[in-house]
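Worksheet: the structure to be examined is printed underneath.
The values are calculated or read from the model by the stated rules, or taken from the named source; none is laboratory data. For clarity, every value in this text was computed on a predicted model and none was experimentally measured. Cβ: placed from backbone, ideal geometry, glycine included. Neighbour counts: every protein chain shown.
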Amino acid sequence: GDSVTQMEGPVTLSEEAFLTINCTYTATGYPSLFWYVQYPGEGLQLLLKATKADDKGSNKGFEATYRKETTSFHLEKGSVQVSDSAVYFCALSGGGADGLTFGKGTHLIIQP
Amino acid sequence: NAGVTQTPKFRILKIGQSMTLQCTQDMNHNYMYWYRQDPGMGLKLIYYSVGAGITDKGEVPNGYNVSRSTTEDFPLRLELAAPSQTSVYFCASSQTLAGGFYEQYFGPGTRLTVT
């Protein structure tokens, strides 16, 4: 079945540092890929998405590129802020109606 | 436009009690989902629905039931609560992207403790 693997956390960075959170996937066919963010005490919010190979999703300074050859969708940001502290989930949709497959989440902590 | 709403936000149940978690969406989405989130884990799909009157099991359906009588509402029922059902429950709804993929919108969650 489909699966998503993302780097374990917590990841602790200083403000203005460069961020990379790795995500790789296993799926049959050509899934759509997503990054969701969960702020403390809240539900998940869609951060960005990519629906086909070589697509780049971007939002709020975050970017991720759908790499079919390496089955990856790594999340990057050039300069993180304290307000970026949250849990980030990589997820895929295989094209069916039966929900998303999520990674375990990466807790990001940004220190001032 | 409220999106996806869930009630209650918090609940403590005793073992063997029952309850219903409510979920409503106002985006006219056909697809709705229930997930549970356990500490340090991703979300696991409990049940989903592709439209009113149609429901199907996800990855972890045991101990739960659902119904979908309207497009807007998708309640989750726990009949005999067990400590293993202590979790945070998220409801979601989705629209179809080009190519048949589904972008999901999540509610704020219900934190349930069974003791």
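For the structure I just gave you, tell me whether residue A:42 is surrounded by fewer than 17 Cβ atoms within 10 Å (Cβ to Cβ), among the acidic types (Asp, Glu) and over 21 Å from residue B:45 (Cα atoms). Against the criterion (surrounded by fewer than 17 Cβ atoms within 10 Å (Cβ to Cβ), among the acidic types (Asp, Glu) and over 21 Å from residue B:45 (Cα atoms)), residue A:42 does not qualify. Only residues that are loosely packed, with under 15 Cβ neighbours inside 10 Å and within 18 Å of residue A:62 (Cβ to Cβ) were counted in the stretch A:23-39, giving 1. Per the conditions (1) of a type in the set (Phe, Trp, Tyr); (2) under 13 Å from the mean Cα position of the chain (by Cα); (3) over 24 Å from residue B:92 (Cα atoms), the sole criterion not satisfied by residue A:18 is (2). If I filter the stretch B:27-37 for residues that are among the hydroxyl-bearing types (Ser, Thr, Tyr) and without any contact (Cβ under 8 Å) to a residue 40 or more places away in the chain, do I get at least one hit? Checked the stretch B:27-37: no residue is among the hydroxyl-bearing types (Ser, Thr, Tyr) and without any contact (Cβ under 8 Å) to a residue 40 or more places away in the chain.
Which of the residues spanning the stretch B:72-83 are at pLDDT 95 or above and not hydrophobic (A, V, I, L, M, F, W, C)? The answer is B:72, B:73, B:75, B:77, B:83.
The residue of the stretch A:34-77 that is nearest to the other protein chains (Cβ to nearest Cβ), among those that are among the basic types (Lys, Arg) and more than 26 Å from residue B:3 (Cα to Cα), is A:52. Scanning the stretch A:45-54 for residues that are surrounded by fewer than 16 Cβ atoms within 10 Å (Cβ to Cβ) and at pLDDT below 90 yields a count of 1.
The conditions of being away from chain A (no Cβ under 14 Å), in contact (Cβ under 8 Å) with a residue 40 or more places away in the chain and surrounded by 15 or more Cβ atoms within 10 Å (Cβ to Cβ) are met by residue B:22.
For residues in the stretch A:71-100 being closer than 13 Å to residue A:30 by Cα and over 11 Å from the mean Cα position of the chain (by Cα), which is surrounded by the fewest Cβ atoms within 10 Å (Cβ to Cβ)? Here the answer is A:96. Being more than 10 Å from every other protein chain (Cβ to nearest Cβ), touching a Ser or Thr at 6+ places or on another chain (Cβ under 7 Å) and assigned to a strand (DSSP E or B) is a description that applies to residue A:108.
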